[in-house]
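Nothing in this text is a laboratory measurement; each read-out follows from the coordinates by a stated rule. Being a predicted model, the structure only gives us computed values, none of them experimental. All Cβ positions, glycine included, derive from the backbone under ideal geometry; neighbour counts span all protein chains shown.
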Amino acid sequence: MSNKDKMGKILIVAGSAESLMQYQAQLTQYRTETALTAETAMDSIDDFEPDVVVIDEKLPSISGVELAQWIRSDQAAPHYYGILIVASSRSKNLAELVQQSGADTACTAENLKNDLAARVALLIKFKMLSDKANSLLNKLNQSKETIRELEDQDSITRLYNLPYMNARLEKEFRHSERFGTPLTLMIMSIENFKEVGHIKGPTFCIKMLQQLGNDLIHLTRADDVVGRSWGGEFLLILPETREDGAENLKARIIHYVSEHLYGLEHDRIAVELCFGMSTYQVAEGKLQSIQEMLLAAEDDLTRQLQSRGDRASRKAVNS
């Protein structure tokens with residue numbers, strides 16, 4: 001039987017060469033490695049990565065019980081090891097030996113000829129079940145994490161949604177309040193978004209929002225938090241950012257967007273943006289809550305929109 005056809009890997013740690021040969025003779029269907037000392041066994045564990053470790057209770061340097069305890073306590077172990085400890089005498093209390101060593105099972109040397117292979121086979125099956133259970137548990141945890149991420153995401157842009165942004169703003173506000181760092185909230189709105197929707201349709205608007213969302217991710221810092229509010233509005237939480245830093249980001253966004261067209265592959269338009277901002281700084285003491293930050297940013301956005309509307313009206317009258 002070749003190594004590829006073996007049923008598993010067994011590390012045998014015995015107190016004598018005679019015992020090693022006896023164990024190997026009963027485990028020919030497995031791929032085996034052997035060790036006569038605990039030190040050799042410890043080196044073999046990382047390289048060989050056995051499925052099952054068979055350990056004599058008595059070893060030359062440390063006891064088999066201590067070796068089993070070390071294996072069980074090794075947090076860096078790449079996977080679960082089944083452990084069978086072989087008692088040195090018939091009078092041993094096997095249940096107590098299992099509890100003391102942390103092994104999965106124990107047997108006496110006298111009974112070893114009858115059931116070593118059977119006990120190893122059971123441990124192999126147990127390990128396979130354990131590996132499968134761990135794999136399913138990891139998949140379940142990944143699924144839970146994915147669900148949590150989806151709960152925080154806007155369904156159109158995959159940016160953070162409004163509930164998450166409100167909660168995150170609260171967290172960042174408390175951080176700034178505690179450590180005295182500035183915090184800026186920016187609202188970015190697509191001008192005439194409703195009109196574009198009426199003319200171009202929902203598919204066009206969805207594509208435009210997705211493209212703008214991707215651009216915002218690339219234009220902002222890793223610590224900045226980007227989300228979508230509703231309609232054509234985006235929210236940006238900018239930790240440790242003063243007004244001048246926020247103005248620089250605003251200018252960078254406007255410049256980038258002005259050089260690109262948005263929409264469907266064969267139907268793209270230029271996009272104009274309007275911004276509202278508010279900055280919290282402990283020293284100034286102007287804004288005392290996230291509600292005041294939100295209202296201040298919304299008021300600033302409204303003023304900017306009205307100012308643009310007034311300019312457009314004057315231009316129409318003069319033309």
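Using only helices, what value at 222 nm comes out for the chain when you add -39,500 (n - 2.57) per DSSP H run of length 4 or more and divide by the total residues, to the nearest 500 deg cm²/dmol?
Theoretical 222 nm ellipticity from helices: -17500 deg cm²/dmol.
How much FRET efficiency would the formula 1/(1 + (r/R0)^6) give for Val282 and Leu162, where r is the Cβ-Cβ distance and R0 is 30 Å, rounded to 0.05?
With a Förster radius of 30 Å, E is 0.70.
Work out the FRET efficiency for Leu122 and Glu96 from their Cβ-Cβ distance, taking R0 = 25 Å, and round it to the nearest 0.05.
Result of the calculation: an efficiency of 0.75.
For the chain, which span is the longest to avoid every loop-located (per DSSP) member of GluC sites (Glu not before Pro) having at most 14 other Cβ atoms inside 10 Å?
Excluding the exposed sites themselves, the longest stretch runs over 1-258.
Mind checking the dipole of the stretch 162-318: about its Cα centre, +1 per Lys or Arg Cβ, -1 per Asp or Glu Cβ, Debye to the nearest 20?
In total the dipole reaches around 260 debye.
Would you grab the residues whose amide H sits under 5 Å from the one on Gln153? Only those 5+ places off in sequence or on another chain, please, with H modelled 1.01 Å from N.
Answer set, sorted by chain and number: Asn161.
Taking 0.36 nm per intervening residue step and subtracting the Cα-Cα distance, what contour gain separates Ser130 from Ala270 on full extension?
Additional length available on full extension: 44.6 nm.
Calculate, in nm to one decimal, what Lys194 and Arg308 gain on full extension: separation in residues at 0.36 nm each, minus their alpha carbon distance.
Stretched fully, the Lys194-Arg308 segment lengthens by 39.4 nm.
Can you compute the modelled spin-label distance between Asn111 and Trp70, with each label point 7 Å from Cα toward Cβ, in nm?
For Asn111 paired with Trp70, the spin-label model returns 2.8 nm.
Can you compute the FRET efficiency between Glu247 and Gln142 using 1/(1 + (r/R0)^6), with r the Cβ-Cβ distance and R0 = 41 Å? Round to the nearest 0.05.
That pair, Glu247 with Gln142, gives E of 0.50.
What length, rounded to one decimal in nm, is gained on full extension from Glu18 through to Thr40, with 0.36 nm per residue of separation minus their alpha-carbon distance?
Length gained, Glu18 through Thr40: 6.2 nm.
Restricting attention to the stretch 153-245, which chymotrypsin sites (Phe, Trp or Tyr not before Pro) occupy a DSSP loop and are surrounded by at most 13 other Cβ atoms within 10 Å?
Trp230
What are the residues whose amide H is under 5 Å from the amide H of Ser88, where those residues sit 5 or more places off or on another chain and H is modelled from the backbone?
Excluding prolines and chain starts, which carry no amide H, the hits are Glu57.
Consider a paramagnetic label point 7 Å from the Cα of Gln29 along Cα→Cβ; state which residues of the stretch 111-143 have an amide N under 15 Å from it.
Within reach of a label on Gln29, which here means backbone N under 15 Å from a point 7 Å along Cα→Cβ, the stretch 111-143 contributes 114-126.
Within the stretch 174-222, list the trypsin sites (Lys or Arg not before Pro) lying in a DSSP loop whose Cβ has at most 13 other Cβ atoms in a 10 Å radius.
Arg221
Would you list Ser135, Ser229 from fewest to most Cβ contacts within 10 Å?
Lowest to highest Cβ neighbour count: Ser135, Ser229.
Could you list Leu261, Leu112, Leu235, Leu209 so that the one with the fewest beta carbons within 10 Å of its beta carbon is first and the one with the most is last?
By the 10 Å Cβ count, ascending: Leu261, Leu112, Leu209, Leu235.
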